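The values are calculated or read from the model by the stated rules, or taken from the named source; none is laboratory data. Please read these numbers as outputs of a predicted model, since none were measured by experiment. Cβ placement follows ideal geometry from the backbone for every residue including glycine, while neighbour counts extend to all protein chains displayed.
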Ligand code: CP
């Protein structure tokens, strides 16, 4: 039994609960690789996906996960909704819940929105990314993809490279990887690394070569181009020169490392095309694993409401 009603972040989970999600996801990955990919498990449940921010991977894989579990699915995008006429978040959500919705998956630009909703509505809430706070299912699918290659986390060196300051993926990954026993190092320009982040039990480097030589796995984060105007670094070409993950840097190592990227990729900025599309990269495996992980999260949150046996 999974004891949480919501998935608001990785921070509230313990190691055993994270492993439970990953193990459940493995079962679903086996199922969705069979000719018959759909199971009837959630056919009496309804889920609404509320996206107040753009998404490709998270939105589509939640929808596919819910459909593979036979749930009824509603999809909402704020850009073509009555939010544009001034309707509040809580009114919007309460109107959707009045249609007998059991679970809300929400992405929003404001940190804390999923926590706020969990205090005001009765449905299960899943955080699909809240501002610069957390993106828990991304961290879980990253962990799942790492476990597929390395089996365990204890002693594994994982670097998170790039725009840590604006990244909800970074924070959820730090919580997740530390709880699982990995060593975590952050690498990027000083302007893109938050102050006092070492208090989370990670190390910090501003040297990409040293970081790549240290790590087994590099999770390369998107430079958030929409914020590049704020002069966090002089130019994208200078960023690529000092912090970009390219084949020359990988070839200079005397070992193979595994490259993750949550997407969307800025090819030629934080990662070159030859690396993103190389055998080092598990970027499309991450996307595939996202469906199984989101099936697992949805199933486990509903498991409290299912008859036993
Ligand atoms: N990784 C991720 O969250 O991608 P999307 O913004 O496309 O959902």
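Does at least one position in the range 244-261 carry a residue that is out of contact with any strand residue (DSSP E or B) (no Cβ under 9 Å at 6 or more places or on another chain) and under 30 Å from residue 109 (Cβ atoms)?
Within the range 244-261, not a single residue is out of contact with any strand residue (DSSP E or B) (no Cβ under 9 Å at 6 or more places or on another chain) and under 30 Å from residue 109 (Cβ atoms).
Having 2 or more residues that are surrounded by fewer than 23 Cβ atoms within 10 Å (Cβ to Cβ) and within 12 Å of the ligand (Cβ to nearest atom) is the bar; report the helices (runs of 4 or more DSSP H) wholly within the range 54-146 that clear it.
57-68
Going by what's in this entry, would residue 275 be described as outside the structural domain of residue 175 (by TED's automatic domain parsing) and either in a helix (DSSP H, G or I) or free of Cβ contacts under 8 Å to residues at least 60 places away in the same chain (or both)?
Judged against the criteria, residue 275 is not a match.
From the list 307, 264, which one is farther than 25 Å from residue 9 by Cβ and either within 16 Å of the ligand (Cβ to nearest atom) or at pLDDT below 95 (or both)?
Testing whether each residue is farther than 25 Å from residue 9 by Cβ and either within 16 Å of the ligand (Cβ to nearest atom) or at pLDDT below 95 (or both) leaves just 307.
Among the residues of the range 227-247, is any within 16 Å of the ligand (Cβ to nearest atom), closer than 26 Å to residue 128 by Cα and modelled with pLDDT under 95?
yes
Would you check if there is a residue in the range 33-47 being within 30 Å of residue 82 (Cβ to Cβ), out of contact with any strand residue (DSSP E or B) (no Cβ under 7 Å at 6 or more places or on another chain) and within 16 Å of the ligand (Cβ to nearest atom)?
no
Would you mention how many residues in the range 248-261 are more than 16 Å from the ligand (Cβ to nearest atom) and in contact (Cβ under 8 Å) with a residue 60 or more places away in the chain?
Residues that pass the stated criteria total 1.
How many residues are without any contact (Cβ under 8 Å) to a residue 24 or more places away in the chain and either outside any helix (DSSP H, G or I) or under 15 Å from residue 136 (Cβ atoms) (or both) when one looks only at the range 20-53?
Of the residues in the range 20-53, 5 are without any contact (Cβ under 8 Å) to a residue 24 or more places away in the chain and either outside any helix (DSSP H, G or I) or under 15 Å from residue 136 (Cβ atoms) (or both).
Quick test of your reading of the structure: residue 290 fulfils all but one of (1) surrounded by fewer than 22 Cβ atoms within 10 Å (Cβ to Cβ); (2) under 23 Å from residue 54 (Cα atoms). Name the failing condition by number.
Looking at each condition in turn, residue 290 falls short on (1).
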